[in-house]
Structures are given as C-alpha cells and as structure tokens.
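Laboratory data are not the source of any read-out in this text; all were calculated from the coordinates shown. Just so it is clear, the structure is predicted and the values come from calculations on it, not from any experiment. Note that we place each Cβ from the backbone using ideal geometry, even for glycine, and neighbour counts take in every protein chain shown.
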Amino acid sequence: MVFVFTITQLTTVLTHEPNAVGVLRVTLIFGNVWWMYGGYAWLTNAVPPREPTLRLLVLLGMGAFFVVGLAIPDAFGSSGVAFGIAYLLVNAVHTGMFLLSTQESALKAMRKLGPGTS
C-alpha cells in the first residue's frame, strides 16, 4: 500500500502545476519511485525476509518510503530535504538487506549495484 500511496501523491503535484514543469517534476519523481519499487520487488524475491532482523529492515524501508510519499507534493520546495533523506534511507536499507543476505548471487549483484543506487 505504501507504493500505491506514493504513486497517487504524484497526482497532487500535477494538479497544482498542470503545465510542462509539473509534468517534468512528476516524471523525475516517478523515475526515482519506480527505481525504488523495482529494487524492493527484486529484493524481497531474492532475499526473503525470514529472519526478524530482515523483517525489521523491510519495515524501516517501508517507513522511509512512506515519508518519501508524504514529501512528494512539495519535493521541489520545503519538503525536499525530507524527500532526500528518506530516499537515501530507503536505498541504504535496500543495500544493507542485500549485504546481510547469505546468498552469494545476491551479494555479488549488490557489490556491483549498491554504490549506484544511493
């Protein structure tokens, strides 16, 4: 539900700015949100959160994703810092969960992708 909420927040940006600038902002934010969503879909398939630590990290990541969603309507204004910090936290949790994985294929992939996701 956090992902759906985050995507619906993009409509707020477009209703307040129904012009080319609004479309550009929605496109930029959507690209970031879609990247995070894809990462978490891959993450939960590759590293199932069976251990309590991994479950807590997923909840922490979803909490940060919720903050990203709350900050979207004014991400290019006063909520920009909250958006950025939450985005960084989502990516840090994502990378951390892969690094805590015991699967060699997940570790190998994250060593290559991790630096580029933050």
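Would you please give the FRET efficiency between L56 and M1, computed as 1/(1 + (r/R0)^6) with r the Cβ-Cβ distance and R0 = 22 Å, to the nearest 0.05? The pair L56/M1 has a calculated efficiency of 0.75. Looking at the stretch 5-74, the trypsin sites (Lys or Arg not before Pro) that sit in a DSSP loop and have at most 12 other Cβ atoms within 10 Å of their own Cβ are R50.
Residue-normalised convex hull volume from the C-alpha trace of the stretch 2-117: 89 Å³ per residue.
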